[in-house]
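Below: the structure, in structure tokens.
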Amino acid sequence: MQSSLFTRKTMPVPPFIPAVHRPALSGRHVHLLRIPRVVQQRMRTADKVSVTEWSLKHIQVTDGAHPGHFRLEYAPHTDFVMKAFSQPWTREIWFCGVEQSGKTRTMLNCLAWTIDVSPGNVYYLMPTEDTASKITYGKIKPMLSQTPQLRKYLSSRQDDTALSRIHLTHGVTIFPAHANSASSMATWPAKYCFGDEVDKYPLLAGKETDPITLIKKRNRTYKGRYKRFFASTPAGRFIHRGMESCHQVYEWRNRCPHCQELIRMEADRLLFPEPENPETRYACNNCGAIWNEQDREKAIRAGRWHCRKGSEVVRPSTIGFHHRSWDCQDISLAEIAQARKAALTGGPAEKIAWANGYEAIDYVPERQDRKENIIYTLADDRPDKLVPGSGTIAALTASADTQDNGLYYEIRAWGWGLSMESWQIRFGFVQSFAELAEVIFNTPYKDAAGLYYPVHLCVIDAMGHRTGEVYDFVRKLPGRCQAYRGGSGRKANPQTWTNIDRYPGTSIQIPGGIRLVTIDTHHYKDLLAGKLQVKNDDPGAWHLLASIRDDNPHGADYARQMCAEYVDERNHWQCPDGKANHFWDCGVMNLVAADLLQIKYWSKGEQ
């Protein structure tokens, strides 16, 4: 028998066979089976080495500050994370760390190890389609092509290496997916799931559940054999809570170069720069020795992971790792000190940046509800409509919150400079748009010397109530009135613009169209909450009129509304049912108006 797979061969009689039996065995044939290379690869049993051992032997880093052969010296903390992923009983890894702490590199090493040592389909989940494309073409494909041990699995067919999948010759398929598309996480089963920057995922994937739950469903058919790896810088969503819920949780401890004790570095041990010593330093928690930057680098290199939860668990299936800025060689003590000082003296944005980007925890706002008596302390002695004089004021803005039966409004004056000090000029309620125009644009607002100040811009709420009327009102006052819509969620850009050409719910065109600005209201509500904490005699104060005091019923209503909203555990602003918050919204819209005009950057020469 002869074919491309089988070879016929005559076998000689072995010499040890006795002569009497040799004639019976002569002329015997055997058929040799030739196994194709692809089949050999699938039948091959790889050496069961850890991810660390495999990476040190094979991985070529193709980007970043340290390209070339992978080395642990630049990120010693990743060694134990990779070894934990290698354990046969480990099902999930949750790596919560600050930016540039080696999270993605660690995940890619684990991905490469699965391809060569324990093959199976892979999902690699990114926040958006754009980031999924970038990780595919910028990191995964270069790693496959430039690492010799992985290059042999690349297919020569162009269709096998596409944006939606990478199909390797030994049967493994890598699916790059994005969290805002449920369909990109559907259909195919997978043995491995990697989730990168999970706190940038949307809360829901389309109309289904959250992306983390959805991607886990890809592992259902691999009972007891699947592995998952989730990593991110915390931003109040998945990673920190996922890490804390693991069976075991580890945090990095640094070893003092003086007393050799392992310590957890803390903010209250920082020594800020002084005139006589301009270098940022740190005092050891145990012996009090003063570290400089070189001492801290030694402490990090000599550090190790400390199990702070679940040390009694022998074979944990879920393991969490917490890596802070204190433990990262690429973040200097000076940078940490600067961020800490900003968090102590700044507003919510600085506090969030410190919690997420340096302590690697979810930001928890100080739950101190505003009290009405605090609002009253912001009132000065000015009567309604009087503008502060003596060159104090740069511009006036106005805002209006639409209701079915009328409109709440507020007019504010803004001072010069970055502190954005502001004075309330008038507030109240009107029943029609004509009355609103009369109050905002046709009433003269003057200072004590008689100098007239016009309202430069009015921001008016266009959603929820009387949207068509708002569009008509804005069209009549081009450049002086702006339609506004509040957006949900916290976004990198607090302002987005949309061109509206038809009235809502109809096919009727709006002559000339309308430009609608959508605002991240959480951003501006954080700013307003910070303003209300500034004392009346400090820069950046939010001054109120004398008429808001509690002996005035309208003023009491104003104070109640300014205390209606609160921040929930997800760091989102909420208003309880039945509580009015119209003047609070007016304050937010006035901040938006001042931001749109960029008043804080005006110079007095422009007056």
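The values are calculated or read from the model by the stated rules, or taken from the named source; none is laboratory data. Here the structure is a predicted model, which means the values were calculated and not measured. Cβ atoms come from the backbone with ideal geometry, glycine included; neighbour counts cover every protein chain shown.
Which residues, counting only those in region 183-220, are among the hydroxyl-bearing types (Ser, Thr, Tyr), farther than 21 Å from ILE93 by Cα and in contact with a helix residue (DSSP H, G or I) (Cβ under 8 Å, 6 or more places away or on another chain)?
SER184
Given the residues GLY428, GLY417, which is the only one that is within 20 Å of ARG560 (Cβ to Cβ), modelled with pLDDT under 95 and surrounded by fewer than 19 Cβ atoms within 10 Å (Cβ to Cβ)?
From the options GLY428, GLY417, the qualifying one is GLY428.
So which residues in region 188-204 are in contact with a strand residue (DSSP E or B) (Cβ under 9 Å, 6 or more places away or on another chain) and either of a type in the set (Ser, Thr, Tyr) or within 25 Å of ILE361 (Cβ to Cβ) (or both)?
Scanning region 188-204 gives TYR192, CYS193, PHE194, GLY195, ASP196, GLU197, VAL198, ASP199, LYS200, TYR201.
Considering only region 115-122, I want to know if a residue exists there that is more than 23 Å from the chain's Cα centre (by Cα), over 19 Å from THR221 (Cβ atoms) and crowded, with 21+ Cβ neighbours inside 10 Å.
Yes: one or more hits.
With (1) hydroxyl-bearing (Ser, Thr, Tyr); (2) in contact with a His (Cβ under 9 Å, 6 or more places away or on another chain); (3) over 30 Å from ARG304 (Cα atoms) as the list, and TYR250 as the residue in question, which single condition is left unmet?
Failing condition for TYR250: (3).
Wholly within region 261-377, which strands (runs of 3 or more DSSP E) include no fewer than the required count, namely at least 3 residues that are not aliphatic (A, V, I, L, M)?
304-309, 318-323
Residue-wise test of (1) under 25 Å from PRO76 (Cβ atoms); (2) surrounded by fewer than 17 Cβ atoms within 10 Å (Cβ to Cβ).
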{"position": "THR318", "(1), (2)": "yes, no"}
{"position": "ARG324", "(1), (2)": "yes, no"}
{"position": "ASP327", "(1), (2)": "yes, no"}
{"position": "GLN338", "(1), (2)": "no, yes"}
{"position": "ILE352", "(1), (2)": "no, no"}
{"position": "GLU359", "(1), (2)": "yes, no"}
{"position": "LYS371", "(1), (2)": "no, yes"}
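Let me confirm something: among GLY303, GLY242, GLY236, GLY224, which residue is surrounded by 15 or more Cβ atoms within 10 Å (Cβ to Cβ), at positive phi and not basic (Lys, Arg)?
GLY236
Kindly indicate whether PHE321 is of a type outside the set (Val, Ile, Thr), within 22 Å of GLY357 (Cα to Cα) and in the same structural domain as PRO76 (by TED's automatic domain parsing).
Yes.
Go through the residues of region 478-493 one by one and say whether even a single one is within 30 Å of ASP380 (Cα to Cα) and either at pLDDT below 90 or outside the structural domain of PRO454 (by TED's automatic domain parsing) (or both).
No; the residues of region 478-493 include none that is within 30 Å of ASP380 (Cα to Cα) and either at pLDDT below 90 or outside the structural domain of PRO454 (by TED's automatic domain parsing) (or both).
Among the numbered criteria (1) under 40 Å from the mean Cα position of the chain (by Cα); (2) farther than 24 Å from PRO539 by Cβ; (3) modelled with pLDDT under 95; (4) crowded, with 16+ Cβ neighbours inside 10 Å, which one does TYR409 miss?
(3)
Return the residue satisfying two criteria in turn: it lies in region 88-99 and is assigned to a loop (DSSP other than H, G, I, E, B) and within 19 Å of GLY242 (Cβ to Cβ), and of such residues it is farthest from the chain's Cα centre (by Cα).
TRP89
Select from region 35-83 the residues that are modelled with pLDDT under 80, more than 28 Å from the chain's Cα centre (by Cα) and not aliphatic (A, V, I, L, M) and list them in ascending order.
PRO36, ARG37, GLN40, GLN41, ARG42, ARG44, THR45, ASP47, LYS48
Counting just the residues of region 171-193 that are among the β-branched types (Val, Ile, Thr) and in a loop (DSSP other than H, G, I, E, B), which one comes out modelled with the highest pLDDT?
Applying the filter and picking the extreme gives VAL172.
Going by the structure shown, is TRP305 over 25 Å from LYS103 (Cα atoms) and touching a Phe, Trp or Tyr at 6+ places or on another chain (Cβ under 8 Å)?
So TRP305 fails the test.
Within region 369-383, is even one residue basic (Lys, Arg), touching a strand residue (DSSP E or B) at 6+ places or on another chain (Cβ under 8 Å), more than 29 Å from GLY450 (Cβ to Cβ) and at pLDDT below 90?
No, every residue in region 369-383 fails to be basic (Lys, Arg), touching a strand residue (DSSP E or B) at 6+ places or on another chain (Cβ under 8 Å), more than 29 Å from GLY450 (Cβ to Cβ) and at pLDDT below 90.
Wholly within region 100-146, which helices (runs of 4 or more DSSP H) include no fewer than the required count, namely at least 1 residues that are without any contact (Cβ under 8 Å) to a residue 60 or more places away in the chain and within 21 Å of MET82 (Cβ to Cβ)?
Per the criteria, 103-117, 141-146.
Looking at THR221, THR209, can you tell me which residue is farther than 21 Å from PRO127 by Cβ and in the same structural domain as CYS96 (by TED's automatic domain parsing)?
After ruling out the rest, the residue left standing is THR221.
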